[in-house]
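Written out below as structure tokens is the structure these notes cover.
The values are calculated or read from the model by the stated rules, or taken from the named source; none is laboratory data. This one's a predicted model, so the numbers in the text were calculated from it and none came from an experiment. For neighbour counting, all protein chains shown are included, and Cβ atoms are generated from backbone atoms with ideal geometry for every residue, glycine included.
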């Protein structure tokens with residue numbers, strides 16, 4: 001992934017959101033400096049740079065979602081904030097490339113090769129899967145292993161079908177407790193859960209997977225709100241449970257579950 005865009009010439013540029021100048025003028029200046037723009041301003045198979053402006057409502061739009069889809073399929077698109085692109089367009093200074101698209105780290109979309117994953121997995125202890133470089137590499141590899149190029153996936157705990165940007169490849173047995181061999185067991189050591197509460201509930205031992213994949217819930221410690229929330233999960237089946245992953249779920253049940 002590029003760290004910066006240093007020259008307009010040869011780039012295929014699209015714009016999304018509100019920039020510092022009207023889009024028609026920006027497109028004209030890009031072409032004057034040797035770049036290309038699509039007639040409709042759309043993101044397509046030729047786009048190499050997407051300039052991200054400001055949004056009055058929401059965080060991103062259809063073009064950014066399209067860019068994320070193309071990046072996931074293997075196309076290289078540099079996401080650039082409009083303030084950075086302004087420096088490039090008007091002063092010829094390099095524009096720093098953003099590390100996120102459509103609300104998720106780009107490295108979650110670009111599948112690392114196996115050797116990069118193995119290098120990351122060789123590091124013991126916890127890895128922040130969103131904010132550390134090795135964590136993003138490991139998470140990117142595991143996410144691709146679980147979700148492939150799907151745009152949506154079903155959470156293994158709550159059963160909701162959600163956009164991939166709201167899903168995570170969560171370690172069944174805490175990563176910090178795994179041996180190197182276990183961290184490399186991509187087929188069994190992780191399962192797909194959502195970031196809308198399920199990841200936190202499982203990590204904190206309020207939810208666990210018991211015999212034959214039945215979800216068990218902990219006591220709510222007097223909280224009616226938590227008791228109501230946990231009731232949604234009680235005795236649901238976890239589709240990620242299988243004979244080869246059972247030992248990891250068992251570790252979590254015996255060591256972390258607060259039931």
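At a glance:
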read-out	value
Residue that is nearest to residue 102 (Cα to Cα), among those in region 161-176 that are surrounded by fewer than 21 Cβ atoms within 10 Å (Cβ to Cβ) and touching a strand residue (DSSP E or B) at 6+ places or on another chain (Cβ under 7 Å)	165
Residue count, region 209-236 (criterion: assigned to a strand (DSSP E or B), under 19 Å from residue 160 (Cβ atoms) and either in contact (Cβ under 8 Å) with a residue 40 or more places away in the chain or under 25 Å from the mean Cα position of the chain (by Cα) (or both))	3
Residue in region 105-134 that is farthest from residue 174 (Cα to Cα), counting only those that are crowded, with 19+ Cβ neighbours inside 10 Å and touching a residue at least 60 places away in the same chain (Cβ under 8 Å)	106
Criterion: assigned by TED's automatic domain parsing to the domain that holds residue 120, under 18 Å from residue 124 (Cα atoms), touching a residue at least 12 places away in the same chain (Cβ under 8 Å) and in a loop (DSSP other than H, G, I, E, B) - qualifying residue of 156, 186	186
Any hit, region 189-204, residues being in contact (Cβ under 8 Å) with a residue 60 or more places away in the chain, assigned to a loop (DSSP other than H, G, I, E, B) and at negative phi	no
Some residue of region 220-238 being surrounded by 17 or more Cβ atoms within 10 Å (Cβ to Cβ), in contact with a helix residue (DSSP H, G or I) (Cβ under 8 Å, 6 or more places away or on another chain), modelled with pLDDT of 95 or more and under 30 Å from residue 69 (Cα atoms)	yes
3 or more residues in contact with a strand residue (DSSP E or B) (Cβ under 8 Å, 6 or more places away or on another chain) and more than 13 Å from residue 5 (Cβ to Cβ): qualifying helices (runs of 4 or more DSSP H) within region 16-121	23-32, 62-72
